[in-house]
Amino acid sequence: MSENNVNLDLASIRARLDGARGRDYWRSLEEIADTEGFQDFLHREFPRQASEWEDVDGRRNFLKLMGASLALAGLGACTKQPTEVIMPYVNAPEGLIPGRPMFYATAFTLSGVATGVLMESHMGRPTKVEGNPQHPASLGATNAMIQASVLNLYDPDRSQTVSSLGEIRSYGSFLPVFRKALKVPEALPEEAPPPPIAGQKAASYRPPPPQPRDGKGLRILTETVTSPTLAAQLQDILKLYTGSKWIQFEPLGGHGERGGSQLAFGQYVNTVYHFDAANVVLSLDADFLGTGAAGVRYARDFASKRRVRGDRMEMSRFYAVETTPTHTGAKADHRISIKPSQMADFARAVAAAAGTGGAGGQAPVDSKWFNAMIKDLQAHRGAGIVIPGEHQSPEVHALAHAINGALGNSGNTVTYTDPIEPNPVDQLASLRELAADLDAGAVEVLVIIGGNPAFTAPPDLYFRDKLLKAKLRVRLGLYEDETSELCQWHIPETHPLETWSDARAYDGTVTIMQPLIAPLYQGHSAHELLAAFSDSPEKSGYDLVREYWQTQHAGADFEDWWKRSVHDGMVAGTALPAKTVTAKAPATQGAAPTSGGLEISFHPDPYIYDGRFANNGWLQELPRPMTRLTWDNAALVSPDTAKRLGLSGEDRVELKVQGHSVLAAVWINPGQPKDSIAVHMGYGRTRSGRAGNGAGFDAYPLRNSSNLTYAGGLELRKTGKTFKLAATQHHYLIDGGEQEAIEQKKRGVVRSASLSEYKQKPDFAQEMIEDPATKHLTIYPETFKYEGYAWGMTIDQTACVGCNACVTACQAENNIPVVGKTQVLNMREMHWIRVDRYYQGHPEEPEIHFQPVPCMQCENAPCELVCPVAATVHDQDGLNTMVYNRCVGTRYCSNNCPYKVRRFNFLLFQDWTTESIKLQRNPDVTVRSRGVMEKCTYCIQRISSAKITAEKEDRRVRDGEIVTACEAACPAQAITFGDINDPNSRVSKLKKEKLNYALLADLNTRPRTTYLASLRNPNPEIEAT
Amino acid sequence: MPQIFHYSANTLSKISIVATVLVLAGVGGALFELLADSGYATRQNEIREQPVPFSHSHHVGSMGIDCRYCHTTVETAGFANIPPTKTCMNCHSQIWVNSPTLEPVRASYRSDQSIEWTRVHDLPAFVYFNHSIHVNKGVGCETCHGRVDQMPLMYQKASLEMRWCLDCHRNPEKYVRPKDAVFKMGYVPPEDQLVMGNRLVKENNIQRLDTCYTCHR
């Protein structure tokens, strides 16, 4: 049964959608076509084979195990508890209270750009990431990658020892070899520092500067560096080793941004967008709510302008022009797909219409749409944003700068600062230069710090082959990956949570990153490796970072300043000041060749990014926001193009661009532009570890240095084979009832309206249930009242950006296992909260809605009635509790749950054997074993902890004191949790909103989790088509 | 051939087969119940071997050291804290400095390696007990741990079975003390414990928490 099939009759799907009355939401093309397979998914809690024994002699084994488990169940009850030991400290650290987590500020970096976080640490073990409320890039929230970064720390596949040509070595044996290759004079400076004289500070002694050394053959290759300390170290090395060069290369981010800034301003600048002040936003393929450097902050600001509450009836308007659907585009009021080659044309047309003076042709979109959009942008001069995609070409970036300048947005909603990188360069040009130097044999010593250039470099540079021409190749990396394979020395890198370092955020704010744990393995940080070039090769990372900041903040109060900066997770006053620059419209670079043939566009994967998180099981198993794919990437094709080329979902095809070809699996993607295929990078790793190896296909061979954004002239050949993809789009489907019922709006699972519809009819969300009067009907006397607390939750579908941060946060908080691709295909993924994605409208340009679904905590819970062992019952606060030690695994509860939010441990999904993974677990949550049902608990461990604190202080729990893991992580503040018995709590107020509705309320389950209907703000001029 | 057995033997034999099975199952069940509740399974009253024969009887009973001198976090955290070696050495760097029994303590302090104490009160991993709330609500140490001041070597006084927990969780008035008597050993409850208990339950807002999520999550 294919999940993405799609020899479906598009014409009949269209006819059906045209015939639909009202709003018709669908989850996949199969649903509209109402295929048999879809019905099967809908009506069965688990797919047909989910509970089948997978080995051949299944029945015999089953009987054996049944017998054994019966016997063991009896015997197990009277075994003694094993003897355990308690190992107290010898000297307890100050301030540590065993059993209570501590939080330390540090930062997560992606492409060098920092987001401030607070790490939760249990007795020295970092277990969970929370956002840093003070940090401008976080404001307390995080995203999926940040949440999952803690799993990388404990990844058992991380490289653990220094190795040389496959042999285990020590750092001590590496240093002499390395320093000899650098031709460091053996003898250290003769003059020893004089003993400190009384009254004179020892620090004031400066050793004589070392003599410059020959560094003609020395090259250092890093990722983008924003760390002030690292940059200072590198500058010192460049000064000391004359002729040496420092190359930065990042495969995905920043090329267009840096190039565009040069084109528009003639200098490198950093652009900061202020979505909280923007009334109209136009995105030119920008995924600004997603993978971008400030995605967390931008999602918060963006959502703040979309929230309609009480009398405040205003929303910003968002136009998205995209080359592949992203979850950012899904939030747009008007979303349009164009081919990647048309993006520059489109930007040029906007620029011309905005009055930048440049020549613009015809925009490749509907002119009515275009004119209305331009009118809107011009009506909000100074309060609009035009934001180009991170991976878009320099020209599009430059045009966007010019448009923002012409519309008066610059200086208001779009501000510019000096670059956050100390040394911004054209990374592609410098990588080309390195490749040429390597080819010429001019490189003696090549040090590669982080990154994975052997995997990510454009294929036309032949970097893998040329790399081997360097005489000594040293690699510092978290994993022994594709690049380490080609280097003589591999030094394990410390994880950011094991490292002293520093980094800048999107606005320049510096965070001094502190380690949460001593290096688990023989790791060294980049700072420590670079110290090997100096005369104190074994200086610690702490000393290096601290000494750098001593030069920056001289003064008697350094100690205080340092402690405060490290504690706060940010250095006060380091956000870069806005500066005024004037953009000039770039010269037209000639219209891009519009071949009319197939095109291919390259995008960062939403979760594994450029491949660096490929071995992270949490991120691999996280359904991609739009495709719902896990464990693989795919060639995304629009339904029309698939029809034209005769492709079905899961067909294996060969993609060929300029002589390079790869094999990929097809996925039919509603909203994808016609004749353009989108691929996500980072998959197809061969040396990433057990989770990432063999997952997906590697698209980097298609991405030449001249076509970083997209390539034309794609040749596509069917191989006749298929490849199974694990998509979760049909898993745990909520049954919205029969088609007629939906059409009569009796049971809208997703409810949405435009702002004007809402103004006319504020209670539209209430009208969509069968009979509001039956809402509280019960045949039982109302004997039980929740008089203490009554926990409840609201989820705002207007705010939700579908980023899945909540899912990963829940996974980290609640010890949720990863099940693997085979088990995802069996519909056994364990996430306690899922984000359902609904389409509405035509498959080529659908409107998209997100709906996060955790346990509804029904007051009349259907699951409780059918449990034969009372393993799921209510507690005094109205929570639907799940008692693991009572559960015998009948799965009746799950069968009876209309929301399909219960998850069963079919197999031993938890890893009970890998020591390092055990360190990550939250000690406040049971680690579940095989045969047990589980589900969202509203983070009962956090509720308990807050209640105990409140009880001890003899008061009630304050509103906002309990923050569930999903709520804390949500960058858009879509989730609100609290006490619904308290009329002044945030959640009570939200539940009084007219937008509030309960899912499947006609079943009389009385869910505690309710939803705020989704609102959009379409332009009336476009809407009136 | 005459019949050896009376006709009723048919019925009797059938009954006896069923009865044997039932009786065996009954006996088995009863034995199981006894065993599961026995001190053998719960490890109640069993003295555990420790690296240092630490005597609560001496330190608490004779010296009068307060519980909280060592179990520092009992009022603030779920875990009552096992003292770091430093706490032992506060006194034992001055007294009994050459005692061979204390060598493991000194060795720990010298080598910076923890002393490996055997855990005495060991709840299953799916039980989340919190000391601080019990202590703050007026449950005496003695109520669960017994007369620690009379225990030369530590053992588990209560069975720690769930029914034992529930007895108090359902009827806290039977056991609660005034807050100033929580850390007192040898406290004698007043004759009108139930009257006082009910008053304390009301005054200190003590809840009867017997839902699953109170302890299991």
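All of the numbers you see were taken from the coordinates with simple rules; none came from a lab. Bear in mind the structure is a predicted one, so any value in this text is a computation, not a measurement. FYI the Cβ positions are ideal-geometry reconstructions off the backbone, even for glycines, and counts take in every protein chain you see.
Brief remarks follow.
- Semi-axis lengths, largest first, of the ellipsoid equivalent to the stretch A:250-321 are 28, 13, 11 Å, with √(5λ) applied to each eigenvalue of the Cα gyration tensor.
- Phi angles of the stretch B:132-142 translate, via the Karplus equation with coefficients 6.51, -1.76, 1.60 and θ = phi - 60°, into HN-Hα couplings of 4, 5, 5, 5, 6, 8, x, 9, x, 4, 4 Hz per residue; Gly and Pro are given as x.
- Radius ratio Rg over Rh of chain A, counting only Cα atoms, Kirkwood formula for Rh: 0.96
- In this structure the amide hydrogen of residue A:335, modeled in the peptide plane, comes within under 5 Å of the amide hydrogens of A:320, none closer than 5 places in sequence on its chain.
- Measuring between their Cα centroids, the stretch A:97-117 and the stretch A:324-378 lie 40 Å from each other.
- For the stretch A:469-483 versus the stretch A:628-661, the gap between their alpha-carbon centres in whole angstrom: 33 Å
- 30 Å Cα-Cα threshold exceeded, pairs from A:368/A:991; A:989/B:179; A:643/A:759; A:563/A:935; A:952/A:989; A:785/B:184: A:368/A:991; A:989/B:179; A:643/A:759; A:563/A:935; A:785/B:184
- Computed [θ] at 222 nm, deg cm²/dmol, chain A (DSSP H ≥ 4; -39,500 (n - 2.57); rounded to nearest 500): -7000 deg cm²/dmol
- Rg over Rh [alpha-carbon atoms, Kirkwood Rh] for the stretch B:169-217: 1.03
- Applying both filters, DSSP loop and at most 10 other Cβ atoms within 10 Å, to the GluC sites (Glu not before Pro) of the stretch A:878-980 gives A:953.
- Applying both filters, DSSP loop and at most 14 other Cβ atoms within 10 Å, to the GluC sites (Glu not before Pro) of the stretch A:498-591 gives A:538.
- Segments B:126-136, A:630-640 sorted - mean Cβ within 10 Å per residue, highest first: A:630-640, B:126-136
- By the rule of a C-alpha distance below 17 Å, with chain neighbours fewer than 8 residues away ignored, the aspartates and glutamates paired with residue A:584 are A:257, A:395.
- Stretch in chain B that is longest and holds no GluC sites (Glu not before Pro) that DSSP places in a loop and that have at most 12 other beta carbons within 10 Å: B:50-190
- Counts of other chain beta carbons within 10 angstrom of each beta carbon in peptide B:133-139 average 2.
- The chymotrypsin sites (Phe, Trp or Tyr not before Pro) found in the stretch A:889-935 that occupy coil by DSSP, while having at most 15 further C-beta atoms within 10 Å, are A:912.
- Computed over neighbours whose Cβ is under 13 Å from that of residue A:375, the net charge equals +1, Lys and Arg +1, Asp and Glu -1.
- Average beta carbon contacts from partner chains per residue of A:919-926, 10 Å cutoff: 2
- Principal-axis tilt of helix B:193-203 within chain B, Cα atoms, nearest 10 degrees: 70 degrees
- Within chain A: Cβ-based charge dipole about Cα centre, in debye rounded to nearest 20 (Lys, Arg +1; Asp, Glu -1): 380 debye
- In terms of its C-alpha gyration tensor, the stretch A:384-465 comes out prolate, because a/c is 1.5 or above and the ratio a/b outweighs b/c.
- Neighbours of residue A:126, meaning other residues whose beta-carbon lies under 10 angstrom from its beta-carbon, give a summed charge of 0 when Lys and Arg score +1 and Asp and Glu score -1.
- For residue A:114, the residues 5 or more places off, or on other chains, whose built amide H falls under 5 Å of its own are A:504, A:505, A:506.
- Alpha-carbon centroid distance for the pair the stretch A:267-293 / the stretch A:538-579, whole angstrom: 29 Å
- Highest-first packing order for the peptide set A:152-161, A:787-796, A:863-872 is A:787-796, A:152-161, A:863-872, based on the mean count of other beta carbon atoms within 10 Å.
- The protection proxy used here, the mean number of other Cβ atoms lying within 10 Å of each residue, ranks peptides A:346-353, A:707-714 as follows, highest first: A:346-353, A:707-714.
- Amide H contacts of residue A:834 (H built 1.01 Å from N, under 5 Å, at least 5 apart or other chain): A:853
- Partner aspartates and glutamates for residue A:721 [C-alpha distance under 19 Å; skip if fewer than 8 residues away on the same chain]: A:3, A:632, A:650, A:651, A:654, A:698
- Average partner coverage of B:202-210, which counts Cβ from other chains inside 10 Å: 2
- In order through the stretch A:108-114: 3J(HN,Hα) via Karplus (6.51 cos²θ - 1.76 cosθ + 1.60), integer Hz, x for Gly, Pro: 9, 10, 10, 6, x, 8, 8
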